[in-house]
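Visitor: Below are the structure tokens for one structure; questions will follow.
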Amino acid sequence: MRLRSSLFLLVLCGSTLAAQTITVNTSADVIDIDPNTGTVSSLPGPDGKVSFSEAMIAANNTPGPQTIGFAIPRSEWILQSVFPGRAVITSSVGFYFRAFDQVTIDGTTQTAFTGDTNPNGAEVLFYRNEVYLNANGCVLTGVDGSSFTITGSNCSVYRNTGGMNVSVFGGRACLIRDNECGTIKIDRSDDNVIIGNVASRVRVLGGGSTALVRNNRVGGPTLAERNYLIGYGTYSSEGMPSGTVVQLFATSGTLIQNNWIGTTRDGMSSGNQASTIGIGFEGDNQAVVVRDNLIAGILGRGQAPHYAGLVFGWAVYFTGSANGVSLLGNTIGLDAQGAPSLGSVWGIDVGYASRTAIRDIRIGGPGAGEGNVIAGHRLNGVTVGYRSSGVRLQGNSIYGNGGIGIDLIPTSAPNIGVTPNDAGDGDAGGNGVQNYPVITSAAVEGSSLRVRGTLNSAASQSFVVEVFASPSCSTSGFGEGRQALGVQRLTTDASGNASFDMRVPSTAPVGWVATATATAELDGSTSEFSACAQITTARATFQSYGSACAGSVGLLDQRSNSLPTLGNQSFALSVHGARPATLALLFVSLRAVNQPLQGCAVLVDPTAVVFSTQGTTDALGSAAAGLAIPLDPALAGARVYSQWFNQDSASTNLGVIGGGAATQGAEIVLGS
């Protein structure tokens, strides 16, 4: 009995789930089957034709998935003066353009029936009436220039054309891919994927701070997943442009990756003259990642009667209460060839124009590929409003902007421009108006750049100082930072002071400028860029360090005959005050140490010695050794450390060599 029941259920499921194809063969909106009971077996009706409304009625009333295809003769086509080459389907009501059971609407069947009559897209178009897919698992493909709303889950919309609008409302996990469309809207729906489309804009909309939409993805890491979001905007009656290309409202876990936002498909021109925001964060957005996108061409141009000649634009705009947002690896203002030709008025605005409190925003990072390029904007690269904090910037390339690279807006005077440091860093505003470092010197040393400076800020706190190099300084005297070079962590003392001495790999030449930022480890707030410091060549120096120890005659002394300049073939080191007619030994090492040894101190690292020599002191207790220095710019800033030893049997020190003495160490910096 159990076997017979199982077989019965298997046959029943097979019969109800088997897909059937319904072919629409008329553009007319005729219905001559019972809307309440008509099924696939009821078609065609008495007129011998199947309209789209009839196909939807039959699909809804027949259990299991159905496919609706099209084979409308060209003699039936309407509105050809407006929509040439397409089978236009319309209705005075459109009441039955709604799917309540799983259905596939396949417009490619019309192309197979009549051929490619529309060289610009698909051959089926729904005019005036929106089509609703209210069931799970629905599929839409091969349709041109129509509007669809999806309320089911796990639906797929692909390879449609002609600027169609797609709205996903409710449901979840739908796939919108490879369409040429107008607006794609995700409205209170989770886990959807939008990839490979050419569209005007994308909107991801939650229901407010208590009803965030979650884990929607726009784009992906591969070229095939990239969306080309050309731009969207409208004009007010006074000529003011307004439009957001990617709108995020009340979202969580959204990923925006590898899209081109705001440009024509070739990435070389602005896509829409009325677009004013590239990516707009509105309401409460949490844990959003914007990664590896090209965001450019966002420059809305005003029109008559009141805004002609004016421009408006924010590449990235924050309002509401966003937190935990990361912007990583994006180019913001660059065209597809990497030139800063498509900047906005503002690069990234974190709560400035909106006067809102934004928290915990990460712009760039220390990892490979995490830094953004922010360039070519008419005003600031990054602006942090006076109510916002925890905006961390690291590893970015910020250059070529008309204002300043990073602008923290103070509470006391909320205007743009450089904010001077204050003692103790007690002022308030964007990012707490974190004090920036003061660079005291920047010099090329071989393949490195040595940057020294100071920071005054909150007492006994940890900070990260990041150093940058740029071809030139802005007219403000304060920098941007084209090349991010490296970081150093430091802690201020009880007075709020700290110093830094950094050597970072760099190809920045002499004549460029160095700048720096400081980021508070406590909350991630980054400062404005420091004042520029000219990058110079390393200066040749000879500087003693450590302590000498005495022999039987007295203390030994180490000297140089000249500065260790590049190309100095006669440079020499000498020892004085040694016991006459005794052995003198010179060691030159790459590292300094301080190791006590039998009354003396070894001040050069024996494991890193690169040169050594020995000789006999003269009647005055002196000896010398020549070290010719090559004329090689790559050696500029190179450091070595030297120390002389004297074998003196009458000395009580250095018994390991039978008695002796040692000079101080000498730090030798090669340079100009």
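The values are calculated or read from the model by the stated rules, or taken from the named source; none is laboratory data. Every value quoted in this text rests on a predicted model; they were computed, and no experiment measured them. Backbone-built Cβ (ideal geometry, glycine too); neighbour counts: all protein chains shown. With ligands, DNA and RNA removed, areas are computed over all heavy atoms of the protein, side chains included. Shrake-Rupley method; radii C 1.70, N 1.55, O 1.52, S 1.80 Å.
Visitor: So is residue 508 more than 20 Å from the chain's Cα centre (by Cα), of a type outside the set (D, E, K, R) and under 30 Å from residue 651 (Cβ atoms) or not? Reasoning before the result, please.
Guide: Working: more than 20 Å from the chain's Cα centre (by Cα): yes; of a type outside the set (D, E, K, R): yes; under 30 Å from residue 651 (Cβ atoms): no.
Considered against the rule, which asks whether it is more than 20 Å from the chain's Cα centre (by Cα), of a type outside the set (D, E, K, R) and under 30 Å from residue 651 (Cβ atoms), residue 508 comes out as no.
Visitor: Kindly establish whether residue 158 is touching a residue at least 12 places away in the same chain (Cβ under 8 Å), open to solvent by 20 Å² or more (accessible area, probe 1.4 Å), touching a strand residue (DSSP E or B) at 6+ places or on another chain (Cβ under 7 Å) and under 19 Å from residue 56 (Cα atoms). Full working, then the answer.
Guide: On the way: touching a residue at least 12 places away in the same chain (Cβ under 8 Å): yes; open to solvent by 20 Å² or more (accessible area, probe 1.4 Å): yes; touching a strand residue (DSSP E or B) at 6+ places or on another chain (Cβ under 7 Å): yes; under 19 Å from residue 56 (Cα atoms): no.
For residue 158, the condition - touching a residue at least 12 places away in the same chain (Cβ under 8 Å), open to solvent by 20 Å² or more (accessible area, probe 1.4 Å), touching a strand residue (DSSP E or B) at 6+ places or on another chain (Cβ under 7 Å) and under 19 Å from residue 56 (Cα atoms) - is not met.
Visitor: Got a number for residues in the stretch 532-558 being in a loop (DSSP other than H, G, I, E, B) and within 30 Å of residue 649 (Cα to Cα)? Outline the logic, then answer.
Guide: Step one: of the stretch 532-558, the residues in a loop (DSSP other than H, G, I, E, B) are 532, 535, 538-540, 546-548, 551-554, 556.
Checking which are within 30 Å of residue 649 (Cα to Cα) leaves us with 546-548, 551-554, 556.
Looking only at that region, the number is 8.
Visitor: Moving on to the next point. Out of the stretch 591-626, which residues are within 51 Å of the chain's Cα centre (by Cα), surrounded by 15 or more Cβ atoms within 10 Å (Cβ to Cβ) and in contact (Cβ under 8 Å) with a residue 40 or more places away in the chain?
Guide: If the condition is that a residue be within 51 Å of the chain's Cα centre (by Cα), surrounded by 15 or more Cβ atoms within 10 Å (Cβ to Cβ) and in contact (Cβ under 8 Å) with a residue 40 or more places away in the chain, then 592, 602, 603, 604 are the ones that fit.
Visitor: Of the numbered conditions (1) without any contact (Cβ under 8 Å) to a residue 40 or more places away in the chain; (2) under 19 Å from residue 213 (Cβ atoms); (3) in contact with a helix residue (DSSP H, G or I) (Cβ under 9 Å, 6 or more places away or on another chain), residue 257 fails exactly one; give the number of that condition.
Guide: With (1) without any contact (Cβ under 8 Å) to a residue 40 or more places away in the chain; (2) under 19 Å from residue 213 (Cβ atoms); (3) in contact with a helix residue (DSSP H, G or I) (Cβ under 9 Å, 6 or more places away or on another chain) applied to residue 257, the lone miss is (1).
Visitor: I'd like the full set of residues that are assigned to a loop (DSSP other than H, G, I, E, B) and either crowded, with 24+ Cβ neighbours inside 10 Å or not charged (D, E, K, R) (or both), limited to the stretch 276-302. Give the steps one after another, and end with the answer.
Guide: Restricting attention to the stretch 276-302, the residues satisfying the condition of being assigned to a loop (DSSP other than H, G, I, E, B) are 276, 283-285, 287-288, 292-293, 296-299, 302.
Scanning the stretch 276-302 gives 276, 283, 285, 287, 288, 293, 296, 297, 298, 299, 302.
Visitor: Take residue 529 and decide whether it is in a loop (DSSP other than H, G, I, E, B), open to solvent by less than 60 Å² (accessible area, probe 1.4 Å) and touching a residue at least 60 places away in the same chain (Cβ under 8 Å).
Guide: Values: in a loop (DSSP other than H, G, I, E, B): yes; open to solvent by less than 60 Å² (accessible area, probe 1.4 Å): yes; touching a residue at least 60 places away in the same chain (Cβ under 8 Å): yes.
Yes: the conditions hold for residue 529.
Visitor: Can you say whether residue 442 is over 22 Å from residue 496 (Cβ atoms), out of contact with any Asp or Glu (no Cβ under 8 Å at 6 or more places or on another chain) and outside any loop (DSSP other than H, G, I, E, B), as far as the supplied structure shows? Spell out how you get there, then give the answer.
Guide: Working: over 22 Å from residue 496 (Cβ atoms): yes; out of contact with any Asp or Glu (no Cβ under 8 Å at 6 or more places or on another chain): yes; outside any loop (DSSP other than H, G, I, E, B): yes.
Taking the combined requirement at face value, the residue satisfies it.
Visitor: Considering each residue of the stretch 511-526, count those that are within 23 Å of the chain's Cα centre (by Cα) and surrounded by 16 or more Cβ atoms within 10 Å (Cβ to Cβ), and give that number.
Guide: Quick first cut of the stretch 511-526, residues within 23 Å of the chain's Cα centre (by Cα) only: 514-526.
Checking the rest, the ones that are also surrounded by 16 or more Cβ atoms within 10 Å (Cβ to Cβ) come to 514-520, 524-526.
Result for the stretch 511-526: 10.
Visitor: If you don't mind, there's one more thing I want to ask. Could you tell me whether any residue of the stretch 365-373 is open to solvent by less than 30 Å² (accessible area, probe 1.4 Å) and among the aliphatic types (A, V, I, L, M)?
Guide: No, that holds for no residue.
Visitor: Can you name every residue in the stretch 389-420 that is crowded, with 20+ Cβ neighbours inside 10 Å, under 22 Å from residue 524 (Cβ atoms) and of a type in the set (Ser, Thr, Tyr)?
Guide: Selection gives 389, 397, 419.
Visitor: Within the group 618, 557, which residue is under 18 Å from residue 660 (Cα atoms) and either touching a His at 6+ places or on another chain (Cβ under 8 Å) or at pLDDT below 95 (or both)?
Guide: Working: 618 fails: either touching a His at 6+ places or on another chain (Cβ under 8 Å) or at pLDDT below 95 (or both).
After ruling out the rest, the residue left standing is 557.
Visitor: A follow-up question, please. Residue by residue through the stretch 330-349, note down the ones that are outside any loop (DSSP other than H, G, I, E, B) and open to solvent by less than 20 Å² (accessible area, probe 1.4 Å).
Guide: Here is the first cut: in the stretch 330-349, the ones outside any loop (DSSP other than H, G, I, E, B) are 331-332, 346-349.
Hits for the stretch 330-349 are 332, 347, 348, 349.
Visitor: Among the residues in the stretch 593-610, are any assigned to a loop (DSSP other than H, G, I, E, B) and of a type in the set (Ser, Thr, Tyr)?
Guide: If we filter the stretch 593-610 for residues that are assigned to a loop (DSSP other than H, G, I, E, B), which is where we start, we get 598-599, 605.
Now restrict to residues that are of a type in the set (Ser, Thr, Tyr): none.
There is no residue in the stretch 593-610 that is assigned to a loop (DSSP other than H, G, I, E, B) and of a type in the set (Ser, Thr, Tyr).
Visitor: While we're here: Specify the residue that is farthest from residue 367 (Cα to Cα); the eligible residues are those in the stretch 303-329 that are assigned to a loop (DSSP other than H, G, I, E, B) and open to solvent by less than 10 Å² (accessible area, probe 1.4 Å).
Guide: 313
Visitor: Quickly run through the stretch 44-100 and pick out the residues that are β-branched (Val, Ile, Thr) and either more than 47 Å from the chain's Cα centre (by Cα) or outside any loop (DSSP other than H, G, I, E, B) (or both).
Guide: 50, 57, 62, 67, 68, 72, 78, 88, 89, 90, 93
Visitor: Let me ask something else. Got at least one residue in the stretch 640-662 being open to solvent by less than 60 Å² (accessible area, probe 1.4 Å), assigned to a strand (DSSP E or B) and charged (D, E, K, R)?
Guide: Looking for residues that are open to solvent by less than 60 Å² (accessible area, probe 1.4 Å), assigned to a strand (DSSP E or B) and charged (D, E, K, R), one finds none in the stretch 640-662, hence no.
Visitor: Can I ask one more? All but one of (1) buried (at least 21 other Cβ atoms within 10 Å of the Cβ); (2) outside any strand (DSSP E or B) hold for residue 265, so report the exception by its number.
Guide: Condition not satisfied by residue 265: (1).
Visitor: In addition: Tell me which residues, restricted to the stretch 479-510, are farther than 17 Å from residue 457 by Cβ and open to solvent by 70 Å² or more (accessible area, probe 1.4 Å).
Guide: Result: 482, 503, 505, 507, 510.
Visitor: Checking residue 463 against (1) free of Cβ contacts under 8 Å to residues at least 60 places away in the same chain; (2) farther than 18 Å from residue 348 by Cβ; (3) part of a loop (DSSP other than H, G, I, E, B): exactly one of these is not met. Which one?
Guide: Unmet for residue 463, out of (1) free of Cβ contacts under 8 Å to residues at least 60 places away in the same chain; (2) farther than 18 Å from residue 348 by Cβ; (3) part of a loop (DSSP other than H, G, I, E, B): (3).
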